[in-house]
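In what follows, a single structure is set out as structure tokens and then discussed.
Rule-based calculations on the coordinates, nothing more; no lab input. Computed from a prediction, not measured in an experiment: that's the story for all the values here. Glycine also receives a Cβ, built like all others from the backbone with ideal geometry; neighbour counts cover every protein chain displayed.
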Amino acid sequence: MSISEAQSYYLKALDHYPYDMEVVIEALNYAHGYDEEHAGVHCLFGRIFSEQLKQFDEAQAYFEAALFYDKLFPDVYMYYGFMLINVHQFGKAWEVFESGLGIQGIDKSVMRYGQAIVRAKQGEISKAIKLVKQALKLSDHKYARAFLLEEKSRIKSLRVKKRKIKFHSISEDHTVDIA
């Protein structure tokens, strides 16, 4: 077996992303010309439209095309899921991460972390912390584990703590619960 022209140009684009966008775009266009159904090409186009151009509708179309052409392409689940979080489509982001958990070769700790961020953004802090703990159990990379431990602390800090404040008035004492 050999590497196809489309794969060769895709790898060139991936190697230069995001540092030399002129080379990236040229290589992606060549790759797309050789194989219009290449999931990696669609995923990288999705990243460009999401991360660089901030054209999220266009990015979503590319990510969905990548999934249409190859549901087993692992990279699209992470990038698509986090883009959906950025545009506050939490339900869809959850579904993308959940689907990604069933893909062979995907980093399941990243999928659980993505779900934790969804829950945290929705204000479900306890569920978010449980998901980060699951991500920690699934991760075996030293730096990823350190990142997840920091995220667990950050998410815990989002909890709203009730405090009682006592204040005195001339006529009587009052206690008030505040968030």
*Rank MET78, GLN122, ILE48 by how far each Cα sits towards the positive end of the charge dipole of the chain (+1 on Lys, Arg Cβ; -1 on Asp, Glu Cβ) and give me just the farthest.*
GLN122
*Which of these values of Rg/Rh (Cα atoms, Kirkwood Rh) was calculated from the structure shown: (1) 0.95; (2) 1.18; (3) 0.98?*
(2)
*When ranked by the protection proxy of mean other Cβ atoms within 10 Å per residue, highest first, what sequence do the peptides 127-133, 74-80 form?*
74-80, 127-133
*Could you give the distance between the Cα centres of region 105-123 and region 1-53, to the whole Å?*
26
*Could you name the aspartates and glutamates whose alpha carbon sits less than 13 Å from that of LYS12, not counting residues in the same chain fewer than 8 places away?*
ASP20, GLU22, GLU26
_Let me check against my output: what whole-number percent is the relative contact order of the chain, with C-alpha pairs under 8 Å and at least 6 apart?_
11
*If we count other beta carbons within 10 Å of each Cβ, what is the order of ARG145, ARG112, fewest first?*
ARG145, ARG112
_Please arrange SER139, SER157, SER2, SER8 by how many other C-beta atoms lie within 10 Å of their C-beta, fewest to most._
SER2, SER157, SER8, SER139
